[in-house]
1. Stretched out fully, how many nm does the piece from H77 to E220 gain, at 0.36 nm a residue minus the Cα gap?
2. Report, in order of residue number, the helices in the chain meeting two criteria: a C-alpha extent of 18 Å or more along the helix axis, and a mean Kyte-Doolittle hydropathy of at least -0.5; treat each whole DSSP H run as one helix.
3. Could you order peptides 124-135, 32-43, 53-64 by the average number of other Cβ atoms within 10 Å of their residues, highest first?
4. Points 7 angstrom from Cα along the Cβ direction at L273 and A175: gap in nanometres?
5. Mark the label point 7 Å from the Cα of Q199 along Cα→Cβ and return the residues of the range 239-272 whose backbone N is within less than 17 Å of it.
6. In nm, what is the difference between 0.36 nm times the number of residues separating E138 and D15 and their Cα-Cα distance?
7. Mind listing P(r) for the chain? All alpha-carbon pairs, 10 Å bins, whole percents.
8. What are the semi-axes of the equivalent ellipsoid of the range 182-263, taken as the square roots of 5 times the eigenvalues of the Cα gyration tensor, listed largest first and rounded to whole Å?
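Read-outs: derived from the displayed coordinates by stated rules, not from any lab. In this text, all values refer to a predicted model and were calculated from it rather than measured experimentally. Reconstructed Cβ throughout: ideal geometry from the backbone, glycine too, with neighbour counts over all protein chains shown.
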Amino acid sequence: MEFEHTSVMPREVHDFQNLSPGDLCVDCTLGGSGHALETIRAILPGGTLIGIDQDNDAIANAKKILHPFKDNVRLFHNNFSDLPDILADNGITGVDSILLDLGFSLNQLTQSRRGFSFQKDEPLDMRMDIRNPLTAEEMVNTYTEKQLADIFFKYGEERFSRRAAKAIAIARAQAPIKTSGELATLVAGAIPSKVAAKQKIHPATRVFQALRIAVNRELERLEAFMEAVPGMLNKGGRISIISFHSLEDRIVKQRLRRFQDGCTCPKALPQCLCGFVQRMKVITRKPVIAGPEETAANPMARSAKLRVAERI
């Protein structure tokens, strides 16, 4: 699979990373390796980049793109939530920069043939890591109607989650649902036409998002990762996170704030008695968003939000 190397907010990410030659950095989600390429150039000579991706195609692509810097790059076919174990296994006690881009690449939408897009008729897979035993096809055809409705509502914030789940349950009673095209047609038919006509997005967008999140345990992994962030950074090291929907952004925002302002004592008390110790300083008071030129050239950047914090 050929990857595009376009990355979201490259200038903004580079500026906030505050990199120097000799730094030890982590790109937790290599994708097309656009950010990784900029990072390794900024930390040479003497720097090291740890690159991680759960998609083996992205790892293969990174080996080609980053080959000129191979002596300063170490690649791992893992999920980003495995970073604490990767660092421990390699005797690393802290890094200077961590980048986490939670978007998935255009290449995965258009070339992976795993059913991520409702605009194509592909196998209903949706696994970012094909070693994962659970596919979207299994979920759609074996989970109860209530379980599916709960997933669509919780992870997709779909108002008509029950109607979508019911349409799936009726259809699969006749024959298994095997492709993304079949599923998209079913869901679109379940959404009231008057509502669908007013939406700017495809009627199946939220259901597809919910299934992808559930199959890959995206929010569960993000929460575990965020809890470990302070312990993985050196003093002065920065974490930069790009999220693409409100569920992700809420987790990132709340965790970073808690590391900075986690005291639970009543404000009337003259001093903290709960034992809170500030571990992070939030650098971006508000999320950074892509500029109009970038969003015009790359529509996927429209929903991106960048938040940055520093270990103190």
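1. Additional length available on full extension: 49.6 nm.
2. For the chain, where a helix must reach 18 Å along its axis and average at least -0.5, the hits are 218-232.
3. Descending packing order for the listed peptides: 32-43, 53-64, 124-135.
4. 6.9 nm
5. 245-247
6. Contour length minus Cα-Cα distance gives 40.0 nm.
7. Calculated over all Cα pairs of the chain, the distribution is 6, 25, 31, 22, 12, 3, 0 percent.
8. Working from the Cα gyration tensor, I get semi-axes of 36, 14, 10 Å.
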